[in-house]
Amino acid sequence: MTASIHTTCPYCGVGCGVKIDGQGAVTGDQLHPANRGALCVKGMALGESQTLPNRLLYPRVDGRQLDWPEAIATVATGFAEIIKRHGPQAVAFYGSGQMLTEDYYVANKLMKGFIGSANIDTNSRLCMSSAVAAHQRAFGEDAVPAGYEDLAEAELVVMVGANSAWTHPVLFRRLEQARAANPAQRWIVIDPRGTATSQQADLHLQIKPGSDLLLFNGLARRILDSASMDRAFIEQHVTGFAELSLTLGGSEYRTDKVAEATGLTIAELNRFYQAFLDTPKTLTLFCMGINQSEQGTDNAGAIINCHLLTGRIGKPGAAPFSLTGQPNAMGGREVGGLANQLAAHMDFAPGNRDKVARFWGSDRLAPGPGLKAMEMIDALERGDIKALWVMGSNPAVSLPDSARARRALEKCELLVVSDISPNTDTARLARVLLPAAGWGEKDGTVTNSARTISRQRPFKPAPGAARPDWWAICQVAQAMGFEQAFGFDSPAAIFREHAALSGFENGGERLFDISALSGLSDEQYQQMTPRSWPLAGRETGPARLFGDGHFATPDGKARLHPASPRERSEPAGARLLLNTGRLRDQWHTMSRTGHVARLMAATSEPQAQINPSTLSRGGLDQALLLQLHNERGHTLLRVVADESIPPGQVFVPMHWSGEFSSGGRVNDLVSARGCPTSGQPAFKQNPVQVVAV
Ligand code: SF4
């Protein structure tokens, strides 16, 4: 009998371990620390998504099927000619939190190290880049301080802008188990809409959209006046206290003013604030509702401020905890696969450039940061970017202002798309289509929300001529003349180099150090069990970071960052406020889950959820279909009257694409504006008008 294969689920940042038996049956992996055998409905349906219709099996160029050498030559020559004519800034890569760390590493190395541009960004920009920027600003490095063990340790769990019951179901199940084991554990959910998560909360704060910063600044002000402030911790381990105190002295942070601005009652605010002040073991989980905002970095920073002021970090059950959406957004962050990072948690400081140039043996390193996701669309629109390689993502649907994004992609002289499907809205615009190996066929590593690196292992051959992304990238790099730097023959070889770079001349400066794994043999890589970083000198990293009060800043101290709320750039006026989010059973633009009957059963068409009072005020009670529109676009949706949506708002799931419906592409209505610090778009609050159809 064939032994079971241990791999990980490809859907979300919880990073559950999955076991595949000899017959291909999928079960949860009892040995994986993230899920200990549990799986959610998407994970349990993984077996059913293995036979996708219309799988992309062979390379295509201008609609013609070609073999790999011809397709590689087309991409390499196309990129090289554009670089020769217009310079390295005229080309770009757009990746995905679906890519394995090894894919990400070679893509980042090729663009930043050898093409000489930093124009490589990813759909992770849309998901957690505000949390990344807030971590870097406060801790000196993008490092999540908590681990999943803290879910059981916490006595107060604050969940902000996160419907974890649907979007991180196994993590939520761990919380349910923690509360069952410790009935004293309390949950406070902060979310403008009622959700499966808020239904289970001890307190649901239904705040006005976009008032998170005010809410947490109000909490910080209350901390300053209370015994819960940890003066000794602040004096020894934190800077920026005077500046923050000055900002919080403003009258807008008085409880009555905060209540008015957030739409909460004073009693609700007092309950939340008092619970936080009274509970040293407080864990604050935050996700898209915080990050996808015009002040996303400041929102996350305000949460971190409250934890630093109380010294609640690095201790069991006490930390700010950013949840990631995608299975390998963290691995992408680790290799530096964002346009404003260089590599291995290093930015573009001259010392880092010098180090990485020597490590890679390159004299063509990118001079500085490149274009972030939305800046790439601007550059495509202007004609400044002429070649773009999209890997494992569907930006024609998932980017904000997506009708404009599609027009910009159409202008691209050479659009290359690596995917498993030729039918995504982005793949249909491509000149070159490259068939990618999918889950169950790919081999490499991923990192979950809790810094745990796990193996993704293949258990079946890729169909047709589908090949892993790392292989296609290395082939193109070699065809462009970079044979020596891209002579990798396996993901294990790439992983060893990635691990070695994390420790190269590190000297303890950076937390992200997995150089202990740089000497793994192929066999050891195959057998590698899940482990968390940092690994310096250890088999596996600590469950939580900063327990010694030492941070990754030059002076070793964490930084408080004061920020005041700004007016939204697009006031709603008389219009409804559109909020978008995810469904329990769907994933991204549905390119896998949309083909699984039982996952489509719960919600089979695009819907707009609106409070009945809003419908009746607008004379829409009898409407079956609604058109949502604004100056950017319009979309058609089935109307669902829903009391859990506050009056004046409309909620629309973000998943539908042209592959599955003629309506529902809700990102057509979303503004491309976002947080100026992180570059993350503000998906959550966009004014729309609604008419019956
Ligand atoms: Fe997969 Fe996330 Fe569900 Fe775990 S919680 S099985 S990682 S989708």
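Considering the stretch 640-658, the residues that are under 22 Å from residue 574 (Cβ atoms) and free of Cβ contacts under 8 Å to residues at least 40 places away in the same chain include one that is surrounded by the most Cβ atoms within 10 Å (Cβ to Cβ), namely 642. What residue, among those in the stretch 1-16 that are farther than 20 Å from residue 593 by Cβ and touching a residue at least 40 places away in the same chain (Cβ under 8 Å), is nearest to the ligand (Cβ to nearest atom)? The extreme case among them is 6. Does the stretch 586-594 contain at least one residue that is of a type in the set (A, V, I, L, M) and within 16 Å of the ligand (Cβ to nearest atom)? Yes, the stretch 586-594 contains at least one residue that is of a type in the set (A, V, I, L, M) and within 16 Å of the ligand (Cβ to nearest atom).
Check whether at least one residue in the stretch 614-634 is in a helix (DSSP H, G or I) and more than 24 Å from residue 199 (Cβ to Cβ), and report yes or no. Yes: the stretch 614-634 contains one or more residues that are in a helix (DSSP H, G or I) and more than 24 Å from residue 199 (Cβ to Cβ). Looking across the stretch 31-55, the residues that are touching a residue at least 12 places away in the same chain (Cβ under 8 Å), more than 14 Å from the ligand (Cβ to nearest atom) and not aliphatic (A, V, I, L, M) come down to 50, 53, 54, 55. For the stretch 197-244, the set of residues classified as charged (D, E, K, R) and either assigned to a strand (DSSP E or B) or under 25 Å from the mean Cα position of the chain (by Cα) (or both) consists of 208, 212, listed by residue number. The single condition among (1) in contact (Cβ under 8 Å) with a residue 60 or more places away in the chain; (2) away from the ligand (no atom under 16 Å from the Cβ) that residue 87 does not meet is (1).
Please find, among 116, 140, the residue that is surrounded by fewer than 24 Cβ atoms within 10 Å (Cβ to Cβ), over 18 Å from the mean Cα position of the chain (by Cα), within 23 Å of residue 323 (Cβ to Cβ) and not charged (D, E, K, R).
When all the criteria are applied, what remains is 140.
The single condition among (1) more than 24 Å from the chain's Cα centre (by Cα); (2) within 16 Å of the ligand (Cβ to nearest atom); (3) in the same structural domain as residue 461 (by TED's automatic domain parsing) that residue 97 does not satisfy is (1). Regarding residue 147, is this residue touching a helix residue (DSSP H, G or I) at 6+ places or on another chain (Cβ under 9 Å) and closer than 30 Å to residue 335 by Cβ? Here the answer is no, as residue 147 does not meet what is asked. May I ask you to verify whether residue 71 is more than 15 Å from the ligand (Cβ to nearest atom), within 21 Å of residue 115 (Cα to Cα) and touching a residue at least 12 places away in the same chain (Cβ under 8 Å)? Judged against the criteria, residue 71 is a match. In the stretch 343-355, the residues that are surrounded by 20 or more Cβ atoms within 10 Å (Cβ to Cβ) reach residues that are assigned to a strand (DSSP E or B) with C-beta atoms within less than 9 angstrom, at least six apart or across chains, in these pairs: 352/343; 352/346. When residues of the stretch 149-166 are filtered for being within 16 Å of the ligand (Cβ to nearest atom) and out of contact with any strand residue (DSSP E or B) (no Cβ under 8 Å at 6 or more places or on another chain), how many remain? Of the residues in the stretch 149-166, 2 are within 16 Å of the ligand (Cβ to nearest atom) and out of contact with any strand residue (DSSP E or B) (no Cβ under 8 Å at 6 or more places or on another chain).
For the stretch 226-251, which residues satisfy the criterion of being within 27 Å of residue 567 (Cβ to Cβ), modelled with pLDDT of 95 or more, out of contact with any strand residue (DSSP E or B) (no Cβ under 9 Å at 6 or more places or on another chain) and surrounded by 12 or more Cβ atoms within 10 Å (Cβ to Cβ)? Result: 243, 244, 245, 247, 248.
The values are calculated or read from the model by the stated rules, or taken from the named source; none is laboratory data. It should be emphasised that the depicted structure is a prediction, and the values quoted were computed from it without experimental measurement. So basically every Cβ, Gly included, is an ideal-geometry build from the backbone, and we count neighbours across all protein chains shown.
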